[in-house]
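The next block holds one structure in the form of structure tokens; read it before the comments.
Only the coordinates and a few stated rules stand behind these numbers; no lab work does. In this text the structure is predicted, and so the values were computed from the model without any measurement. Here the Cβ is made from the backbone with ideal geometry for all residues, glycine too, and neighbour counts use every protein chain on show.
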Amino acid sequence: MPGVDAGEEILVKFFLGSWLIGSCLELVLMGVLSCQFVNYYNWYPDDRRGLQSAVAILCLLNVLKSAECFASLWIFLINHFGDIQYDLQLSATGWWDTANPLMVAILDFYVQCYFCTRLWGVSKRWWVVVPIFVLFVFALFSMAIGTYYIATLQEQQVTDWFAAHLSSVFAGDVILSVTTAYFLIKTRKSVISKETTQLIRSLTRLTFQTATPAAVVAMFNLIFSQMHRTNQPLLGYVEIAFNQVLPKVYAISMMYTLNVRRTIRARAAGSRVSGSRNGSGGDGPSLGGRVQSRHTNGDIELGRIEVVTQRETTRHVDVTGMFHSTQSIEDGKLILSNPDQKIYGTSAQ
């Protein structure tokens, strides 16, 4: 590059290269998210207003973050093309550059709150959810402090607080996923119905499918953020690329969790239709005609589930809360309502 010495050329590759790659990936994932948002509002118009508002806020925050990414690239590569020293100083002089890690942390925290709510629905134990939530709050607090040290150009403190933030995020994600899976598996062992067992198994897989991408990106983010301490400090700038992508990965995980309800319902419908051809509904006699269809009110994952015993007592359980019970669901009937108000029932002996 004309007018740039070898040292600055390396900085361009690691610093601006990481910004460029991370921002391009971020914008691509924004396209994926846009499709997820459109699908959500087309598929689940009857979800409760609180959940629809939460999705709308998530959409707005991610659009603003993508706009910030695009503006950053324009400033770095167009307005100040070739001036790498000025670009580096923007971390302290440009509020949008200084606050970028904090914006990422806020977006991450927003989705983490959703998954904590999901864990509460699964466990119904505050002493399980609160420590994990506190860990995420500490992660956000750590990044707020780290942002202060970014503005004051105290690199050592920035590295320390980044380590505290990313370690908390990674640990919180792992603990949250394992805990959610534990309560799902614990409930599955007390269930006799094959369809109910399959439902819980699907939710367990979903837990790890949605948590793994964010945890992996956070792990690489942590690793490269600590490279500033090594004899190859320039590798520390690679962290920028992972940091740009992280909030989009979190948002995609949340939207996938919400949108996959359609697929799981379709599978439940197919399973029911297959079982009903034998006339008995699979595992035992049907209790048809005793339960009325109920309107789904936007439960976090699958909608409303009813367990009906042969004594004709009905227990209404939202999917977010059904898994805290360790009681056997013997002689029961699982009914899963879908957006079209159809009922799929399977009886257990």
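Of note:
- Per-residue Cβ neighbour rank within 10 angstrom, fewest leading, Cys116, Cys24, Cys35: Cys35, Cys24, Cys116
- From least to most packed, judged by other beta carbons within 10 angstrom and beginning with the fewest, Glu26, Glu9 follow the order Glu9, Glu26.
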